[in-house]
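Heads up: the structure comes next, in structure tokens.
Just so you know, all these numbers are worked out from the coordinates, no wet-lab data involved. These numbers come from a predicted model, not from an experiment. Here the Cβ positions follow ideal geometry from the backbone for every residue, glycine too, while neighbour counts run over all protein chains shown.
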Amino acid sequence: MSNSAVLKNGLTLALIAAVCSGLVAVTYALTRDKIEDNRKAYLEQKLKPALSGVFFEGDVTESVVTLAAPHGLPGNDDAMIYRVYASGEPVAALFIVTARNGYSGPIRLLLGVDMNGTVTGLRILEHRETPGLGDKIDEDKSDWVQQFPGRSLGDPAIDGWQIRNDGGEFDQLTGATVTPRAVINAVRDTLIYFAENKEQVFAMQEDKAQ
Ligand SMILES: Cc1cc2nc3c(=O)[nH]c(=O)nc-3n(C[C@H](O)[C@H](O)[C@H](O)COP(=O)(O)O)c2cc1C
């Protein structure tokens with residue numbers, strides 16, 4: 001092949017590559033906002049069930065803080081706190097924390113707490129517990145998580161934050177005591193953190209927009 005033919009082929013390839021990159025960039029620009037809107041809508045849908053009975057304004061996803069471990073909340077993973085407001089005043093906080101000692105590993109959970117320290121909802125976001133045993137913590141599998149809304153550090157008193165088998169006030173799961181112990185401990189410790197750090201929770205600098 002002559003030098004000029006090589007040059008021509010090279011230029012043609014470079015042009016094709018440039019056009020393709022341009023197309024990718026334009027597609028990305030056109031879909032970015034839509035993807036972000038969808039991501040937010042999905043997250044809102046996931047978070048809202050943990051805010052039962054709370055009147056709030058704006059998007060739940062608006063004011064989030066990510067805390068790297070060690071952060072004083074349960075778990076060695078990042079913890080997240082969504083601050084929830086009405087008329088500019090804090091009305092609740094949503095915590096995403098990790099219960100470390102599940103039967104099959106960490107359990108990621110979402111806990112809503114109002115300003116009185118009362119649980120407004122509990123959802124299990126991720127777990128690897130055994131189907132038919134520990135997986136009943138999942139609200140699709142049983143109503144086990146429904147015993148938490150309305151509870152607070154005073155209700156029951158601190159000794160009551162255990163399964164009935166251990167002398168506490170919460171139901172265990174048939175054939176599975178490890179899983180519920182892990183979740184109850186994480187809920188209790190999150191409530192303790194909120195009681196001790198309420199002002200800081202709402203004063204923390206929120207994450208920068210991505
Ligand atoms: C294959 C297998 C899977 C299990 N999965 C779970 C589980 O997901 N969650 C759990 O709490 N216990 C699970 N268990 C049972 C625990 O070992 C059970 O909580 C324990 O035997 C009873 O604990 P206790 O002595 O506190 O009553 C599993 C046991 C086996 C053999």
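Could you give me the residue pairs with C-beta distances under 7 Å whose first residue belongs to the range 21-44 and is closer than 21 Å to Leu125 by Cβ, whose second residue is surrounded by 10 or more Cβ atoms within 10 Å (Cβ to Cβ) and not β-branched (Val, Ile, Thr) wherever it lies, and which are 6+ apart or on separate chains?
Lys40/Asp59; Glu44/Asp59
Of everything in the range 157-176, what is at positive phi and within 12 Å of the ligand (Cβ to nearest atom)? Give them in sequence order. Give the steps one after another, and end with the answer.
Narrowing the range 157-176 to residues at positive phi: 167, 175.
Of everything in the range 157-176, just one residue is at positive phi and within 12 Å of the ligand (Cβ to nearest atom), namely Gly175.
Could you look through the range 86-108, keep only residues that are more than 12 Å from the ligand (Cβ to nearest atom) and surrounded by fewer than 17 Cβ atoms within 10 Å (Cβ to Cβ), and pick out the one that is farthest from Gln200 (Cα to Cα)?
Checking each candidate, the answer is Arg100.
Which of the residues spanning the range 174-186 are more than 10 Å from Leu73 (Cα to Cα) and among the aliphatic types (A, V, I, L, M)? Let's see the steps before the verdict.
So the first thing to find is which residues in the range 174-186 are more than 10 Å from Leu73 (Cα to Cα), and the list is 174-185.
Passing the criteria: Ala176, Val178, Ala182, Val183, Ile184.
Suppose we keep only residues that are surrounded by fewer than 17 Cβ atoms within 10 Å (Cβ to Cβ) and among the basic types (Lys, Arg) within the range 177-210. Which one would you say is farthest from Gly134 (Cα to Cα)?
Only one residue tops the list, namely Lys208.
Every residue, every condition in (1) within 14 Å of the ligand (Cβ to nearest atom); (2) in contact with a His (Cβ under 7 Å, 6 or more places away or on another chain); (3) of a type in the set (Asp, Glu), yes or no:
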{"site": "Thr120", "(1), (2), (3)": "no, no, no"}
{"site": "Leu125", "(1), (2), (3)": "no, no, no"}
{"site": "Ile137", "(1), (2), (3)": "yes, yes, no"}
{"site": "Ser142", "(1), (2), (3)": "yes, no, no"}
{"site": "Asp155", "(1), (2), (3)": "no, no, yes"}
